[in-house]
Every structure is written in C-alpha cells, then in structure tokens.
C-alpha cells in the first residue's frame, strides 16, 4: 500500500515536471485563426470554448492545450491529445499562425485528409497526427516543411507508399520505398513513425532563420526529458526493491519450512499410522486421515508458506499446497522427549475423535524438530471473534457465547473422561487456542505436547493471565484456564496479549459493588442466565486448586444454563410475560456464592 502511494506521488511529480517544461505566458494577434482552427477540429466543443466570444488575448483566456512563447507575443505550440476530437484539419487557419512550432493531435478521431496547404506551416518542427481517422494519400507537401524534425502520422487510414524522411544541414527530403501494408480485418493501414536523428550541431545549422526563442524551447524540452528519465529510473528502482524484498521473504519462508525436517531426496511411500516403524522411517509424514487426503512431504516443503507466529520454542505456518488445500503447520523444536515417546503420544492424539477437539492430520518427527499438521480453520480463533466484536465489526450473541462455552467443556470433559487409560492434560487453554469451524463450533487446538515443553525456557506456562497459580499440568490447572475463558466470554474483556488479571478484577467488582456490572452489554440483557455461569467461572479460578470443580461439574453446570435457555426459546409466552421473566432482583455476592436466584436452582 505504501509503495502504491509513493508511485502515485512520483507520477504527480512527473506531471508537474511536464507542465513546468511546457508552460509560458503571452498574448497573440492570431486569435481569429486559432479560433477557426479549433472550431474545425472540435465541432462538438469538447474543449468548452465560448465560440461567439471575440478573444484578443488567447493566453489570458487560457486556451486548453495552447502554449505561447516566453514573450507572450505568438503561439508556438498546440497540444490537443486524447480528447475525442471529431472534426477536420483547417490547415489554412493553422498556417496563419506563423510561429507555430509544435502541433500534436494524437489519439483523437479527426477525419478527412491532410491538405497540400500544410506546406505553408513553415515554422513546424514537430507534427504528430497519429492514432486518428485521417485518410487519403500522404501529401507530398510534407516534404516542403524544411523545419520539420519529427513527424508521426501512424495508425490512420492512408493509402499509397511508406515515406521515409531524412534531414541534412540544409534540407528535409523524403523518398518512396515500399507499399503500405493493409490490415483488412481492421480496415486500417499501418504507417511507421517519421523521425529524424540529427546531431545537435547539424540541427543548429539546418535553418538560417533559427531564433533564440526556438533554442530556449528546445532547452526546456530536453530538461523535461531528463527529469522524466530520472523519475522513471526512481520508479523502476522502487519496483525492483519491492519485488526483490518479496522474493527474499518467500525464499526465507520456504527455507525455514524446508529446514523443519531432514528429508531424503525422495519421500518414502506413506503407510498407515498403525504400520509405521518410527525407528526406520523418521522423516515420513504419519497421517491420521483417509488415503485420498494425504500428500508427500515434498509437497509440503515446496508449498507456499506464510509465517503466522514465531516464538522461542515453536512457530506456526499457514501452508497452501499446489491443489489449494490449506493447512496450519506447527513447528516444535528442542522438545524434552525421545523420538519413540513422541511418536506414541502423537498416535494417541491423532486417533482421538471428538467434535470439539481439532483433529491432527499428520505429524513429522526428527531429532531436532517436530511438525504437527492441522486443517486450516477459516474462521480462525475465539480471540479473533472477540476482538472483532470489541471493534464493532460483528455481533457476538449470548446464544453463541454459551454454545462455545458448552463446546469447550465437552472437549475438555472428553480429555478427562474416567475411562481414559492415559490422561494427557492440555496445559495451554486460551482464546487463540480455541478455533472455530465453519459452523462457529469450538475446536480445542494444540493438544497433546505441552508436557514435552521445557519450563526453564518459558516454553511452558507462558500464557500470562491463564496459568493457574500452582503451575502444574493437571485437570485443575486446565479448569483454572477455562474459568478465565468463561470470564472473557461474560465480560467481553481479552486477557491474551494484555496481561490483565481478569479474575481479580471480577472478584473485586462483585465484592465492592455487588452488582452485575462485570457483564458485557450483550450478556447484561439476559443476566438472569449469566449469573450461574459467572458463579461457576469464579469457582474455576479459585486460588486453591482443591476448591475448584472438576471439568465434569463445570460441564454439567453449563448444560443446565443451556437447557434453561432452550426451555425459554421453546416457550409460547407473550413478550410482556417474557419481560417479566428476565427482570430479577439485585445480585449480591451471597447470590453468586449460592449459585443464583431460586428461579435458577
């Protein structure tokens, strides 16, 4: 975006440079001839000139595209380019401007022919009539313009032979050297640009009556060309720098991703998870999806990768394969675990099937680094959802908040189910680790590897505001983190990246004001149903882990709130009765400690 803005500024500077090199003031005695010429070439008055007005001083009238000499005594240039002019050439009036040096009408729709009387325009040095609808034969009168140095009549409808013109010290001659090629499909003839290339010294001697005014104009033109050349070089350098920087970044990302694994020249055939022998195939991708969804490690390493987050012990990449499938790749390094134990754990995690736990697509393990591959969730995380809500970009209803809370509780309850032979705590529950699928249902991500992180390097228990005081990997620690997430859903406040102590703030507000001021505006509208959830959240964030409920108890309490909301939705009460239902008495700390009003128990 900054580069585009800079380019626009440079283009503006270029335009100013052109104006500086092409603008001088003056007044004329040729106003009638000029007006007649413009009337003929612009019959539809695109230039918006007052046709019936007698103008004695065209420069003060500010004719569009007309330039005077520095003394303001005569017209020296007419530039009417790309203006959709549809008239004809009134050469008789044009040649009554005795000092006209430059005429450019390129890119219009001018019709008719070039009359032989063009030979009367003795002072013309530059004539550009290209890209119009002129027809007929090329007039030989053009060869009589002794001062003419540049001529372009290409992309018209002329017939005849191509004329090549050359200049010498004292003459400007043209030769016939070939037929014009006809484009039958376009019904147009192609005529090349006529342009000479004469040394400066020869130009200065080519016309005995060359005056200082002409040389002054040429000096300005040359200066303008140098300015444009310099601006063009600057723009080219900026574009090259942008392109090179982008290419270097992509190459660096690809290099980082390729460094994630010590791959052989070709990836061995992929086997099912239960057939993999980790001791023999340590550079394979071990998949937990159907065969048609699998891919080779080479495909992953050659894919387009973007670094999303980077930390001391892990990094997250978003990778798009050639088939446009998008994956989130978690890169872990320096884990305190053997290859065999890590493989056993990942196979256990990969075989977990629950609608509220983000499924592991595949993993890759080497001595130094590990890769965990998940399907990319386009709705991103609960952190993104709450941040967008706080910025007014979307709504976040109580029903959706409650659904997300219930889904997280279901996922954690599955992890800590009694029949689980080997319980693996999560250890890092927070908003950014709760992803949302296409139906905005919660998916607990990054599960299964926290116990392998090195606490001495702040890789473990690094989420300030979510970590339990005891700093252990247990069910009660995950309950504490989940309690903080519940408080975020109720208050609308975000702990992650802000470092606030949300449990302390909520407890202080309830204790000092004994009101429901802690609730977000959306939640405050149904505070009757939010109070039980606030009560269980405060119990989850108790300082002593023995006072916290189990995840099964938390799940049960949230299910009661969901059930009461569903009963309300299915009832057939009138709106007035509904209003009476949601009006509740003042809330006190005693109410919270007992789990809410009687109507909720």
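Couple of notes before you dig in:
- Sorted by Cβ neighbour density within 10 Å, fewest at the top, the residues 138, 227: 227, 138
- Taking a ≥ b ≥ c as the square roots of the eigenvalues of the alpha carbon gyration tensor, the range 483-571 is oblate, as a/c is not under 1.5 and a/b does not beat b/c.
- For the pair residue 367 and residue 462, the difference between a 0.36 nm per residue extended length and the Cα-Cα distance amounts to 31.8 nm.
- Overall, the anisotropy analysis places the range 382-467 in the oblate class: the square-rooted eigenvalues a ≥ b ≥ c of its C-alpha gyration tensor yield a/c not less than 1.5, with a/b not exceeding b/c.
- Volume per residue of the C-alpha convex hull in the range 496-537, rounded to whole Å³: 84 Å³
- Rounded to 0.05, the FRET efficiency of the residue 117 and residue 235 pair, given R0 = 35 Å and the Cβ-Cβ distance, is 0.20.
- At R0 = 56 Å, FRET efficiency that the Cβ-Cβ distance of residue 88 and residue 348 yields, to 0.05: 0.05
- Approximating the spin labels as points 7 Å out from Cα along Cα→Cβ, the residue 550-to-residue 394 distance works out to 3.5 nm.
- Projected label points at residue 320 and residue 39, each 7 Å from Cα along the beta carbon direction, are separated by 6.2 nanometres.
- For the range 273-375, the square roots of the Cα gyration tensor eigenvalues, ordered a ≥ b ≥ c, give a/c below 1.5, which places it in the rounded category.
- Per-residue extension of 0.36 nm, minus the Cα-Cα distance of residue 244 and residue 294, leaves a gain of 14.6 nm for this segment.
- Between residue 559 and residue 62, the simple label model (points 7 Å from Cα in the Cβ direction) yields a spacing of 8.0 nm.
- Multiplying the residue separation of residue 251 and residue 439 by 0.36 nm and subtracting their alpha-carbon distance yields 64.1 nm.
Bear in mind that the values in this text are calculations on the coordinates, not laboratory data. Worth saying up front: this structure is predicted, and the values here are computed from it rather than measured. Ideal geometry is used to build each Cβ from the backbone, glycine not excepted, and the neighbour counts take in all protein chains shown.
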